[in-house]
Amino acid sequence: MSIKPREHWSSRTGFVMAAVGSAVGLGNMWRFSYLTAENGGAAFVVLYLVVTLLVGLPILLAELVVGRGSQRSPIRALVHFGGRAWTPLGFVFVAAGFLILSYYSVIAGWTLRYAGIVLFSGFDATIADRFEDVASGWDAFAFHLLFMAVTVAIVAGGIKSGIERSAIVLIPALVLIVCGLALYAATLDGATQGYAYYLDTDFSKIRSLRVLKDATGQAFFSLSLGMGAMLTYASYLGRDHHLPNESVVIASADMAIAFIAGLVVFPLIFALGLSDEVGGSTVGALFITLPHAFAGMGAIGRVVGILFFAALIVGALTSAISLLEVVVASAIDGLGWSRHRAAWVMGIAIAVLGAPSAWSTEVLGVIDQIANNLFLLGGGLALALFVGWVMKDPIAEVRAGAEGIRWFFLWRTFLRFAVPVGLGFVLLQAVPDTWNAVVKLFES
Ligand code: PHE
């Protein structure tokens, strides 16, 4: 048992920036835009927003409550409120951190690589065909290692001087860049078609369970839910914070950035007449179509490309930090390791685990499905049941710092019934889909 007082964020802004940093990342730009393209545009966006509000927000508040209430890393936090029987769920959270970071960092590595290309030589017309070279093999692995090293160095720096300090600089920069790019994209010739593709709603498209599954998975991934990342960050909070307000701010920022990223991506694609390429989209869509677009835009494409990849790198970094922090905090609390040791040992283990994803984008895609469909959705379901039924008086914990509010019993009722039923329903689709993806990978 550690008796050292737990390090806390130095200010509300510090916590909010770090949490928004966790939420905003590749999920908002890479994943959001390829899923939107795959699922027919705005209908998917609407569904994703609805799921974020109805399911994401209550679970986000639940994570904050368990984290701040326990002042512990995930495994211990669950045991603290629920007893030893909940240890396995804590381990599932930590395993999810391992798994997600292992491929997330590979994608971040592609981003670094593209940033380097656009910075030093600019893209040329063949860039779209070279995606596989960039995305797999030794090069991909090397850039993945580089990205992991930066992540580890920041997490080793601690809560205030590592995580908080980097987020306070990086997140405003990211917001500025993404908004600036959206304004620029609005001036392009193809902007109107891009917006039409993105924002015209064909509600018949969202009547399939598969789209609902993708939207729910995306809501969880994008808000960093279901694996204890928000829980861990909240464990460094004092009891004077207004948790419901914090969760609304975090979720709004996350949705806003995803939405604005769409306003960048779709006009760019349509301006260059590349919409057919998106049709056959895979995990690589953003990395194939956009560099192609930048290449077609001449000198200005180089500036836009640099800014775009800079925003992606920043988003990826602040999210990767939160993924690693789940694992590191657990090693510090559970094994009594120093932060420095925990960050490096766990970081190296995760870097090695990323090797299969670095060598095959198919493997990467399947691991992304496993992580999302099984770990995050399953973790979210378990957490809703935990706070809804097991934890004693979570409402008292929300009240600390948020006195006056009276509707909390609704939140708990939601966690007890609506959220588990909804997630259970989505898992009915998610589990067989994931199974099929795994089988397909082994057959190929
Ligand atoms: N929310 C991050 C993103 O959108 C990814 C993430 C998932 C981070 C789970 C932490 C935990 O890119």
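Quick notes on this one:
- For region 223-249, a tally of residues being under 15 Å from Leu54 (Cα atoms), in a helix (DSSP H, G or I) and either within 11 Å of the ligand (Cβ to nearest atom) or more than 20 Å from the chain's Cα centre (by Cα) (or both) returns 1.
- Test: residue in region 70-91 that is more than 15 Å from the ligand (Cβ to nearest atom), crowded, with 24+ Cβ neighbours inside 10 Å and over 19 Å from Val327 (Cα atoms): no
- Helices (runs of 4 or more DSSP H) wholly inside region 326-381 containing at least 1 residues that are farther than 24 Å from Phe220 by Cα and under 21 Å from the mean Cα position of the chain (by Cα): 339-353, 355-359
- When the residues of region 107-160 are filtered to those that are of a type in the set (Phe, Trp, Tyr) and buried (at least 20 other Cβ atoms within 10 Å of the Cβ), the one that is farthest from Tyr233 (Cα to Cα) is Phe123.
- Any chance Asp368 is closer than 18 Å to Val92 by Cβ, surrounded by 17 or more Cβ atoms within 10 Å (Cβ to Cβ) and in contact with a Lys or Arg (Cβ under 7 Å, 6 or more places away or on another chain): no
- Screening the candidates Leu176, Leu199 for the property of being modelled with pLDDT under 95 and either surrounded by fewer than 17 Cβ atoms within 10 Å (Cβ to Cβ) or more than 30 Å from Trp9 (Cβ to Cβ) (or both) yields one hit, Leu199.
- Filter result for Arg416 (touching a helix residue (DSSP H, G or I) at 6+ places or on another chain (Cβ under 7 Å), part of a helix (DSSP H, G or I) and not aliphatic (A, V, I, L, M)): yes
- The listed residue being touching a residue at least 40 places away in the same chain (Cβ under 8 Å), farther than 27 Å from Ala329 by Cα and assigned to a helix (DSSP H, G or I), out of Val106, Val178, Val152: Val178
- Scanning region 282-298 for residues that are free of Cβ contacts under 8 Å to residues at least 40 places away in the same chain and of a type in the set (Gly, Ala, Ser) turns up Ala293, Gly298.
- Inter-residue pairs, beta-carbon under 8 Å, first closer than 23 Å to Gly262 by Cβ and in region 311-330, second of a type in the set (Ser, Thr, Tyr) and surrounded by fewer than 24 Cβ atoms within 10 Å (Cβ to Cβ), 6+ apart: Leu317/Ser166; Thr318/Ser166
- The condition (being small (Gly, Ala, Ser), closer than 30 Å to Val345 by Cα and surrounded by fewer than 24 Cβ atoms within 10 Å (Cβ to Cβ)) is satisfied by just one residue among Ser166, Ser252, Ser208, Ser204: Ser166.
The values are calculated or read from the model by the stated rules, or taken from the named source; none is laboratory data. Predicted model, so just to flag it, every value in this text is computed and none were measured. Using ideal geometry, Cβ is built from the backbone for each residue, glycine included, and neighbour counts are taken over all protein chains shown.
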